[in-house]
Structure formats: C-alpha cells, structure tokens
Amino acid sequence: PGLAMGLDPELEEEAQTLVKSTVNFVSEVLGDEDDIPEAAELRKQRSQIDTCRKETEELLTKADSISIISALRLALQLVEMLLFLTVKTELAGQCATSLYLTSWRQQSVMSRIGEILWTVKDALELARDLEDRELEAMSLKALARVHLSRVKEPDAPMAAVNEASKALEVFQSLGDQEIAKHTRLHAEILFVLGDAQLSKALKSPFSQAREEALEAAAATMREATEVYEKLEDTKWKGRAMLGTALALVGLEDEDQQMDGERLAEDAKDLFHDAGELDMEVVAVMLIVKCRVTTSGLDCALLSAEDAA
C-alpha cells in the first residue's frame with residue numbers, strides 16, 4: 001500500500017538494515033565452510049542459496065521503496081532456504097550425503113538462532129507497520145521455520161505450529177489467491193505447518209495427542225501436495241508426499257501405515273523420473289524407516305540392502 005509513493009524514510013531504513021543483517025548472517029554461516037570439501041549435493045544447495053543472495057543484494061542497490069521491500073521478501077526466503085537445507089527436522093535438512101558438513105553447518109546456525117529469530121520478528125513488525133499482508137504472511141512463515149530450527153527446545157514445535165497457523169490465516173485474507181506467487185506462498189505455508197505438526201507429534205509423550213497431531217500433519221501435507229501439483233513442482237510435491245507418508249506411518253492404524261509406505265514409494269519413483277537422485281536416496285531412507293514399522297526389522301534390512 002502506497003509503496004509507489006515511497007516509504008516513510010525511517011521504515012525504509014529499517015527494511016534496509018533487516019535485509020543487510022539477514023544477508024550477512026547467511027554469508028557468515030556459509031563463509032565458515034570454505035575450507036571443507038563439499039559433496040555435489042551440498043554444492044548444489046550452496047548455488048541455490050548464492051543465487052537468491054545475489055538477487056537480494058542487487059535489489060537493495062536500487063534503493064527505491066518497491067525494490068527494498070522486494071529485497072526483504074527475498075531475504076526472508078533466503079534465511080528459510082538456509083535453515084531448511086541445514087537444520088534437521090522431520091522433513092528439513094534431510095541430506096543424502098556428507099552428514100559431517102550439514103551437522104557442522106547446523107551447529108554454526110544453531111549458535112546464532114536467537115539472532116535470526118529477532119531479525120525475523122522485526123521483519124514481521126515492519127510488515128504490520130506497513131500493513132503489507134503478503135509480507136506479514138511471509139514473515140510468519142519464516143518465523144515458523146526459525147522456531148522449528150530451535151530443535152533442542154521443547155516449546156519450539158508448538159511455537160512453529162502457532163506461527164504457521166497465523167501465516168495461513170493472513171494468507172487466506174489476501175485477495176487474488178490464484179496468482180502463481182500466491183499459490184506458491186500457500187504451498188510453502190502448508191509445508192512448514194505440516195513439518196511443525198509432525199515435530200509436535202513426535203515429541204508428544206501422550207499417545208492421544210500424538211495421534212491427533214499426526215492426523216493433522218497428514219491432512220496438511222496432503223493439501224500441500226495438491227497445491228505443489230498445481231504448480232507442477234515435482235521436487236516439492238515429492239517432499240510433501242514424504243511428509244504425508246511420515247505422518248501416516250506414525251499412526252497406530254495398520255492400513256494408514258501401509259498407505260504411508262506406498263506414498264513414500266510413489267515419491268521415490270517421482271524423484272527417480274525427475275532425476276532428483278539426492279531426494280530419491282532420502283525417500284529410500286524413509287521407506288526403510290516405514291518398513292521397520294509395517295513389516296519388521298528383517299524386511300527393512302532387505303529393503304536397505306536392495307537400495308544399496
């Protein structure tokens with residue numbers, strides 16, 4: 001609203017500061033890795049992050065209000081991408097190779113997670129000051145991913161569920177939800193909400209609460225799968241299918257467990273056909289995990305040997 005007229009100079013300066021501190025955070029985390037030889041999969045991740053970082057920096061140099069807010073949107077995506085690829089949750093940070101490096105990077109990120117939490121909270125406050133609902137939904141989505149990345153803290157999954165649920169509410173208040181960028185925003189909110197519901201379920205000591213959270217996660221991830229299918233995004237559709245599979249296999253109902261295993265197989269085939277070999281390996285690892293539940297250890301061992 002009113003961005004064509006220019007932002008209030010104070011808010012504009014705040015937005016620029018937030019973008020710079022986010023880009024610096026990402027640069028410093030990745031800069032620490034320069035001495036370590038990386039596997040091909042991690043090089044691919046780095047090039048994704050670097051591309052997004054360069055786009056963010058380019059927008060910032062334009063120094064007009066619209067470019068600065070666009071840079072802030074990209075900076076939020078940048079930090080989410082780094083956290084998703086680095087910090088292990090049920091669905092994030094799942095790397096087929098070089099676990100040493102990802103765990104090393106995870107420690108580097110975790111030591112500074114409070115810093116990025118406050119930066120994203122400041123972005124959320126700025127979005128509300130600007131009455132920019134799209135930026136608000138994106139900030140809440142990023143905040144959910146930051147909370148999920150506080151893996152050792154017991155309140156983290158519930159905090160992530162709350163922020164992702166608020167992001168969904170804000171998204172639903174946006175007009176023109178059918179345009180492609182909003183469809184993607186919808187899919188990404190559903191995915192982080194499903195990931196948070198899975199984490200909440202698997203940390204719950206009570207079987208009833210666990211079952212309810214797993215059922216919610218399966219429903220959310222199914223919806224995310226449908227939205228990614230609309231976008232014709234094979235990689236993320238497959239990831240959402242794996243999320244649904246994980247939720248179903250955790251349930252006590254044997255039919256649901258078998259459905260989960262079949263879904264993981266379908267995701268593996270999807271990755272194979274798309275040439276996403278690193279994700280195919282992640283799917284195989286999940287199938288083995290499923291088989292431990294559905295068919296027992298011996299059968300899982302056979303699956304693992306076949307895959308190897």
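The values are calculated or read from the model by the stated rules, or taken from the named source; none is laboratory data. Note that this is a predicted model, so its numbers are computed, not measured. Glycine also receives a Cβ, built like all others from the backbone with ideal geometry; neighbour counts cover every protein chain displayed. We work out accessible area using only protein heavy atoms, side chains counted, and drop any ligands, DNA or RNA first. Shrake-Rupley method; radii C 1.70, N 1.55, O 1.52, S 1.80 Å.
Taking residue 117 as meeting all but one of (1) within 13 Å of the chain's Cα centre (by Cα); (2) more than 16 Å from residue 81 (Cβ to Cβ); (3) open to solvent by 10 Å² or more (accessible area, probe 1.4 Å), write down the number of the exception.
Here residue 117 meets the rest and fails (1).
Would you mind telling me which numbered condition in (1) closer than 21 Å to residue 92 by Cβ; (2) modelled with pLDDT under 90; (3) open to solvent by 30 Å² or more (accessible area, probe 1.4 Å) residue 207 fails?
Here residue 207 clears every test but (1).
Answer yes or no as to whether residue 150 is surrounded by fewer than 24 Cβ atoms within 10 Å (Cβ to Cβ) and of a type outside the set (Asp, Glu).
Working: surrounded by fewer than 24 Cβ atoms within 10 Å (Cβ to Cβ): yes; of a type outside the set (Asp, Glu): yes.
Answer is yes for this residue.
Which numbered condition trips up residue 155, out of (1) within 23 Å of residue 85 (Cα to Cα); (2) open to solvent by 20 Å² or more (accessible area, probe 1.4 Å); (3) modelled with pLDDT of 95 or more?
(3)
Given the residues 166, 200, which is the only one that is out of contact with any Lys or Arg (no Cβ under 8 Å at 6 or more places or on another chain), surrounded by 16 or more Cβ atoms within 10 Å (Cβ to Cβ) and either without any contact (Cβ under 8 Å) to a residue 24 or more places away in the chain or over 28 Å from residue 253 (Cβ atoms) (or both)? Full working, then the answer.
Working: 200 fails: either without any contact (Cβ under 8 Å) to a residue 24 or more places away in the chain or over 28 Å from residue 253 (Cβ atoms) (or both).
After applying the criteria, what remains is 166.
How many residues does the stretch 235-254 contain that are surrounded by fewer than 24 Cβ atoms within 10 Å (Cβ to Cβ), out of contact with any Asp or Glu (no Cβ under 6 Å at 6 or more places or on another chain) and modelled with pLDDT of 90 or more?
1
Report, ordered by the first and then the second residue, all pairs with beta carbons closer than 9 Å, sequence separation of six or more or different chains, a first member in the stretch 266-281 that is within 17 Å of residue 45 (Cβ to Cβ) and open to solvent by 70 Å² or more (accessible area, probe 1.4 Å), and a second member that is of a type in the set (Gly, Ala, Ser) and not in a helix (DSSP H, G or I).
Sorted first by the residue in the stretch 266-281, then by its partner, the pairs are 277/96.
Among all residue pairs at least 6 apart or on different chains, which show Cβ distances below 7 Å where the first residue, located in the stretch 212-223, is within 11 Å of residue 243 (Cα to Cα) and the second is hydroxyl-bearing (Ser, Thr, Tyr)?
Going by the 7 Å Cβ cut-off, the qualifying pairs are 218/244; 221/244; 222/244.
Counting just the residues of the stretch 25-64 that are open to solvent by 90 Å² or more (accessible area, probe 1.4 Å) and more than 24 Å from the chain's Cα centre (by Cα), which one comes out modelled with the highest pLDDT?
58
Within the set of pairs 6+ apart or on separate chains, which have a first residue in the stretch 234-255 that is small (Gly, Ala, Ser), a second that is part of a loop (DSSP other than H, G, I, E, B), and C-beta atoms under 8 Å apart?
The qualifying pairs are 238/274; 238/276; 243/90; 243/91.
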